[in-house]
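Accompanying notes for the structure given below.
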Amino acid sequence: MPAPPPASTYEADIVVVGAGAAGLYASLCAARERATVVLVSATPLAQTASYWAQGGLAATLAADDSFDLHLRDTELAGRQLVRRSAAEILVREAPDCVRDLQALGVRFDADRFGHLALGLEGGHSVRRIVHAGGSATGRRVVRQLSALAAAEPQITVLENTRAQALWTDADPTQPRCRGLVCDDGRVIAAARATVLASGGAAALWARTTNPPGSQGVGLQLAHAAGAALADLEMLQFHPTAVIGVRGREGFLVTEAIRGEGATLLDASGERFVDELAPRDEVSRAIHQRLAQSGQPSVGPDMRAIDPAHFPNVVAALREAGLDPTRELIPVAPAAHYMMGGIVTDLDAHSTVPGLYAVGECSCTGLHGANRLASNSLSECFVFARRAVAHALGGDGDTAASKPRPPDARELNALRALPAPPIAGRDTRAALWRDAGVVRSEAGLHSLLDNPHPLARLIARCALARAESRGAHLRQDHPERDPALDHRHAVIAADGTLDWQTWE
Ligand SMILES: Cc1cc2nc3c(=O)[nH]c(=O)nc-3n(C[C@H](O)[C@H](O)[C@H](O)COP(=O)(O)OP(=O)(O)OC[C@H]3O[C@@H](n4cnc5c(N)ncnc54)[C@H](O)[C@@H]3O)c2cc1C
């Protein structure tokens, strides 16, 4: 007999799901405004995508950079699908978030004069990537923020606890998210906001750079609670993830290394692509080269790169028996970043009142069809801060509204709600095969029968988008269809798919 669930309920101004960059920062921003926070995290710190982030945060900080340049690079990479208003917010607010992180004690790499050392990545026209510990940015940022969250009396952290379902008012005329129920039966009632910061969905694909927990659970929780999802066909493939090396399958070789001069060579030792083009272009070029050659991998040539600049990448490769100072590293594309997600407005508010989504689980439209490298960590901070400011009404007065604890009938109904399913090996293999770098109508059709609900929704969006754009490459529709410029595939709670243009 399983142990009966604990009877306890928690009350807070804000409940946050996820302890990656977005969830930790949202919690700290809320605590700073004297709000009470319950932070629920399913996995240990080292299993968040944020912890694994290598490159850094994109922010317009260099003398030769500007608002217009960063905006232009973001829009160019996003292939006529970027929501300009969201990109403008990111570009405008990212530098201040970097300064705030520094004030919170994050130590970014600096040059010998004490100025931030900025890196270069694909699709960026100038150096604008703020990093820490070379390529250990995520680890450094998450460690510092989680230490602060753990020490903050306003924040209650529930580790190794999973949000099982969101709690919405039963009255369909007045839907409002009121909190959530955890997998151990605990209920958290939120007065102001429930903030999903549950990460992406790239681990739904068999070959991935992501930790195993990145399976889009937050998207499923939100959709079940009535929230719209969008752009699910837009999954970015990272061009250079290790392949064929035991224990390091999918390990990312950051493109910051290409930014420092590493080249990409095919099996005959030839360069075949502009290494600093946006990711969709580089992934596609690698995919084509592998299909032509029959080889499993191409190789970044890092032999001229100083290993001291990327210590954690070099150490991880050496542990796996690869010496990047002497040999090429076998890499190929892998599922990396979900551009689609829970539809939000520019304050990270979802289509369900009281429910917010920040970080990779959200879809503001910022990334369009192809995320510009390192815009995602910046997005975590910029939109987490906006979500909290919106939820708290800007004045920090949290006494105005009280959480409503569930009554006994609601409690029973909540605890009976099923948890979102976890994708098994077959679903992950099917997504890699049928919704991978190159897609076809027949393959996508076969996914419509997949047992996993998110796999089916991904297939529906990918079938509806009968064109090729950014990360979404249809071999039966190889061209971009201008009629779909700035049109987002939105799936409402009732399952209808609608094309929307967002201001
Ligand atoms: C290898 C790698 C390198 C990357 N490098 C960069 C980079 O250099 N720059 C950049 O901008 N982006 C990078 N990215 C992308 C970026 O790291 C992510 O988009 C970003 O960190 C996502 O942060 P997040 O807070 O939204 O989610 P995550 O960091 O994934 O955190 C999700 C959290 O949600 C929790 N969670 C999930 N479901 C539940 C549930 N049901 N209940 C409770 N908790 C739950 C998880 O336990 C976890 O704590 C990289 C990604 C990877 C995988």
Output ordering of 187-194, 412-419 (per-residue mean of other Cβ within 10 Å, highest first) is 187-194, 412-419
Answer check: the chain, Cα atoms, Kirkwood Rh, Rg/Rh ratio of 0.96
At the level of C-alpha centres, the distance separating region 428-458 and region 115-164, in angstrom, is 32
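Using only alpha-carbon positions, what ratio does the radius of gyration of region 226-283 give when scaled by 2.2 N^0.38 Å?
1.45
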Taking R0 as 45 Å and r as the Cβ-Cβ distance between A416 and E441, the FRET efficiency 1/(1 + (r/R0)^6), rounded to the nearest 0.05, comes to 0.70
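Determine, for each peptide in 362-374, 257-269, the mean count of other beta carbons within 10 angstrom over its residues, then list the peptides with the highest first. If you can, show how the numbers build up before the last one.
Numbers: 362-374: 28.6, 257-269: 18.0.
Ranked by mean Cβ neighbours within 10 Å, highest first: 362-374, 257-269.
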Dividing the helical contributions, -39500 (n - 2.57) per DSSP H run of n ≥ 4, by the residues of the chain yields a 222 nm value, nearest 500 deg cm²/dmol, of -9000 deg cm²/dmol
Sorted largest first, the Cα spans of region 129-236 on the principal axes come out in Å as 52, 41, 27
Rounded to the nearest 5, the percent of DSSP beta bridges in the chain running antiparallel is 60
Along region 446-457, Karplus-curve 3J(HN,Hα) (6.51, -1.76, 1.60; θ = phi - 60°) to the nearest Hz, with x for Gly and Pro, reads 5, 6, 5, 9, 5, x, 8, x, 6, 4, 5, 5
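Read-outs: derived from the displayed coordinates by stated rules, not from any lab. Quantities reported herein were computed from a predicted structural model and do not represent experimental measurements. Here the Cβ is made from the backbone with ideal geometry for all residues, glycine too, and neighbour counts use every protein chain on show.
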